[in-house]
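Shown next, in structure tokens, is the structure this report addresses.
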Amino acid sequence: MAKPPKIPSTSALRLLRAANVSHVVHPYAYVDRGGTAASSAALGVDEHLVIKTLIFEDEDARPFVILMHGDREVSAKGLARALGRKAVAPCAPEVAERHSGYQVGGTSPFGLKKALPVYVEASVLGLETIYINAGARGLLVALRPRVLTELLAAQPVEVAIGG
């Protein structure tokens, strides 16, 4: 009988447990550069329910988190307008890792190294269950989206492209 995969203890999972957040951990075989298409296929769930955690920065290099459906893209112009900034863009991978404390591909909005403002595509909050990174490559956690606003004070924005 095959042993179940070992679940790493990440900052994200420690935070969720400490806050008594109901969640289910889903390990999967990580595919380099596979993104949410690979993770949703591995778990057998709609890619729209898999939420990616992106580290962006504004024109003054102030970092923040934007949470987006796996099958959608972020409108940088729309996001800058929504936040009242001149411009926003994704951080370079090494910069994102420095801000979050997580390896790109394993970035979770929970248990960040630095407290960052968190924004979430508004339609994410209407889903029943979301799958979001648990702080390691190949590790998602299923939970109710209200946790994003209750635990992270995530502010809703409407900046999705696609779908």
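Throughout, read-outs are computed from the coordinates displayed, never taken from laboratory work. Just so it is clear, the structure is predicted and the values come from calculations on it, not from any experiment. For neighbour counting, all protein chains shown are included, and Cβ atoms are generated from backbone atoms with ideal geometry for every residue, glycine included.
A few remarks follow.
- Of the candidates Val104, Val118, Val88, Val95, the single residue that is under 16 Å from Ala154 (Cα atoms) and of a type in the set (Val, Ile, Thr) is Val118.
- Going through (1) buried (at least 20 other Cβ atoms within 10 Å of the Cβ); (2) in contact with a Ser or Thr (Cβ under 8 Å, 6 or more places away or on another chain); (3) of a type outside the set (A, V, I, L, M, F, W, C) one by one, Asp71 falls short only on (1).
- Residue check for Tyr131: under 24 Å from Ile161 (Cβ atoms) and among the hydroxyl-bearing types (Ser, Thr, Tyr): yes
- In region 9-99, counting only helices (runs of 4 or more DSSP H) that sit wholly within it, the ones holding 1 or more residues that are under 13 Å from the mean Cα position of the chain (by Cα) and either at positive phi or without any contact (Cβ under 8 Å) to a residue 24 or more places away in the chain (or both) span 35-43.
- Pairs, first more than 16 Å from Pro93 (Cα to Cα) and in contact (Cβ under 8 Å) with a residue 40 or more places away in the chain in region 107-128, second aromatic (Phe, Trp, Tyr) and surrounded by fewer than 23 Cβ atoms within 10 Å (Cβ to Cβ), C-beta under 6 Å, six or more apart: Leu116/Phe64; Pro117/Phe64
Let's see how each residue does on (1) more than 20 Å from Gly44 (Cβ to Cβ); (2) in contact with an Asp or Glu (Cβ under 9 Å, 6 or more places away or on another chain):
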site	(1), (2)
Ser108	yes, no
Ala122	yes, yes
Leu127	no, no
Tyr131	no, no
Arg137	no, yes
Leu140	no, no
Thr149	yes, no
